[in-house]
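Colleague: What follows is a single structure, and I will ask about it in a moment.
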Amino acid sequence: MKTIEQQCKLAFEASIDWAIASTELKNKALLALIRELRVHETIILEANTADMDAARASGISEALLDRLLLTPERIESMAQGLETILRLNDPIGQIIEGWTRPNGIVIKKTRVPLGVVGIIYEARPNVTADVVGLALKSGNTIVLRGSSSAYRSNRAIVTVFESALKQVGLNSEGIQLLEDTSRESVTEFVSMRQYLSVMIPRGGADLIQRVVKESKVPTIETGVGNCHVFVDQTADLKKAIAIILNGKVQRPSVCNSLETLLIHEAVAEPFLPQIAEVLIQAGVELRGCPKTKTILPQVKEATPSDWETEYLALILAVKVVSGVNEAITHIRQFGTQHSELILSNDYANIELFKRKVDAAAVLVNASTRFVDGSEFGFGAELGISTQKLHARGPMGLNELSTVKYIVEGDGQTR
């Protein structure tokens, strides 16, 4: 077994080759990744079956089982995400702006790779393909620390990708999957400042906060999504039902799924029975405030902790509010600055919500499930940043670059 330091060093040494790789070579490598992913689908699915069997035997939650699962459809989605990345413009080398100073010196602000990206993530082996594709196109090497529950799946994907890179002549050591998946390995991994340029944790709140607190590597905080929807009194209630159902049920185990429904008191009585019937039929457990329970006495009473919980499961907290201002106040208190949604046809309320809600994404009359790198046209994402430095929202190619100033002169001195 290679040590964590050895693997980080290998990625660091390969980063020079990846940083200067031409767009043509990187696209050629992406084509090889896509081809090999499809050709070796069976091998990857067999590895995933072994991971799923072990996970079930260990009593892992249904939410994590869903994150862990790979299917032919999900592998094809991974391949299509890589195809989107392939078609995107290469940001590296792009001149963002340039100017000439009075003394004749020319200054150009250009995009360059971050260097070596470290990522820690739980289950979700599809993330392995997403982040490798983004790292490759943006000229960054990558060190992956997946969870032990997904190691076989991740290992199969990385082995396939390493083979693809060798076929096109790009240094395959630019992808490193940590062999040590022990809990203690996280502490060592996040101390590799001499090799890693940035650390990105993707997973539950406990993992993210641990990395933020322990990391010696600059960290981008991502992912925890206590996402809200506010149904205003002017909302199209028929559309609201479809949007809320999609946001909660389509894939409840991910960070952009809905966790709390806030509803204007003026439409609570006609709307709550309608939306409750649809959600309960879909298997959703509702937990309501006292006003909600007067309309829906059958639902479970919400506790204070329900308002701050990211369930990642078929559970939805419900609160009746007096209007948009109380909804905004609730979101500011309990939100995680991920994705927040207003359903309304009142221009003033929509504008107030957009201005006052502090989140990476604010949505109007559209499902929170759209807050995703692939849905934004990025092909994939390295995560959804909920902080404000260095990036915010879904992290695509541009967010995996930094800048370098090129200063050109002709003998000038100061």
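Taken together, the values in this text are just the output of simple stated rules run on the coordinates, not laboratory data. Treat the numbers as computed from the prediction; the structure is a model and nothing was measured. In this analysis, Cβ positions are derived from the backbone assuming ideal geometry, glycine residues included, and neighbour counts consider all displayed protein chains.
Colleague: If you average the sequence gap of Cα pairs under 8 Å that are 6 or more apart and divide by the length of the chain, what percent do you get for the contact order?
Modeller: On the way: 845 pairs, mean separation 82.6, N = 414.
Relative contact order, the chain: 20 percent.
Colleague: Sticking with this structure for a sec: Restricting to the chain, compute how many DSSP beta bridges are antiparallel as a %, nearest 5.
Modeller: 30
Colleague: Setting aside same-chain residues fewer than 8 positions from Lys109, which aspartates and glutamates have a Cα under 20 Å from its Cα?
Modeller: In chain and number order, the partners are Asp90, Glu97, Glu399, Glu408, Asp410.
Colleague: Diagonalise the Cα gyration tensor of the chain and give the resulting equivalent ellipsoid semi-axes, square root of 5 times each eigenvalue, largest first, whole Å.
Modeller: The answer is 40, 27, 19 Å, longest axis first.
Colleague: Also, I was wondering about something else. Give me the extension gain from Ser77 to Arg355: residue separation times 0.36 nm, minus the current Cα-Cα distance, reported in nm with one decimal.
Modeller: 96.6 nm
Colleague: Which whole-angstrom value gives the distance between the alpha carbon centres of the range 176-213 and the range 338-373?
Modeller: Value for the Cα centre distance between the two parts: 32 Å.
Colleague: Here is a follow-up. With each run of n ≥ 4 DSSP H residues scored as -39500 (n - 2.57), what mean residue ellipticity at 222 nm is computed for the chain after dividing by its residue count and rounding to the nearest 500 deg cm²/dmol?
Modeller: Computed mean residue ellipticity for the chain: -13500 deg cm²/dmol.
Colleague: Can you bin the range 1-66 into rounded, prolate or oblate? Criterion: square roots of the alpha carbon gyration tensor eigenvalues sorted a ≥ b ≥ c, rounded for a/c under 1.5, prolate for a/b above b/c, oblate for the rest. Before the final figure, lay out each step's value.
Modeller: Values: a/c = 3.07, a/b = 1.60, b/c = 1.92.
Verdict is oblate for the range 1-66.
Colleague: Structure shown: which of Lys239/Lys354; Lys213/Lys356; Lys9/Lys166; Lys239/Lys319 lie over 27 Å apart, alpha-carbon to alpha-carbon?
Modeller: Distance filter (> 27 Å) returns Lys213/Lys356.
Colleague: Then there's this: Under unit Cβ charges (Lys, Arg +1; Asp, Glu -1), what dipole magnitude, rounded to 20 debye, does the chain have relative to its Cα centre? Could you put the intermediate results ahead of the total?
Modeller: Details: 44 positive and 49 negative charges, 162 e Å.
Dipole about the Cα centre, nearest 20: 780 debye.
Colleague: Take peptides 55-62, 285-292 and line them up by average Cβ neighbours within 10 Å, highest first, as a rough protection proxy.
Modeller: Ranked from most to least packed, the peptides come out as 285-292, 55-62.
Colleague: Shifting gears a bit: Looking at the square roots a ≥ b ≥ c of the eigenvalues of the Cα gyration tensor of the range 227-370, which shape do they give, rounded for a/c under 1.5, prolate if a/b is larger than b/c, or oblate? Show your work: numbers first, answer last.
Modeller: Details: a/c = 1.33, a/b = 1.17, b/c = 1.14.
Rounded is the answer for the range 227-370, as its axis ratio a/c remains below 1.5.
Colleague: First measure r as the distance between the Cβ atoms of Glu24 and Thr84, then evaluate 1/(1 + (r/R0)^6) with R0 = 30 Å and state the FRET efficiency to the nearest 0.05. Present the calculation step by step, with values, prior to reporting the outcome.
Modeller: On the way: r = 18 Å, r/R0 = 0.61.
About 0.95, to the nearest 0.05.
Colleague: Full-extension gain between Asp17 and Glu62, please, as 0.36 nm times their residue separation minus the C-alpha to C-alpha distance. Present the calculation step by step, with values, prior to reporting the outcome.
Modeller: Numbers: separation 45, 0.36 × 45 = 16.20 nm, distance 4.15 nm.
Difference between extended and current length: 12.1 nm.
Colleague: Averaging sequence separations of C-alpha pairs under 8 Å and six or more residues apart, then dividing by the length of the range 227-370, give the relative contact order as a whole percent.
Modeller: 34
Colleague: Which value, in debye to the nearest 20, describes the size of the charge dipole of the range 227-370 about its Cα centre when Lys and Arg Cβ atoms bear +1, Asp and Glu Cβ atoms bear -1, and nothing else is charged?
Modeller: Here the range 227-370 has a charge dipole of around 200 debye.
Colleague: Would you give the gap between the C-alpha center of the range 227-271 and the C-alpha center of the range 1-76, rounded to a whole Å?
Modeller: Cα centres, the range 227-271 to the range 1-76: 35 Å.
Colleague: Continuing with this model, one more query. Could you work out how much longer the chain between Arg193 and Glu277 gets when fully extended? Use 0.36 nm per residue separation minus the Cα distance between them, nm to one decimal.
Modeller: Extra length from Arg193 to Glu277 when fully extended: 25.0 nm.
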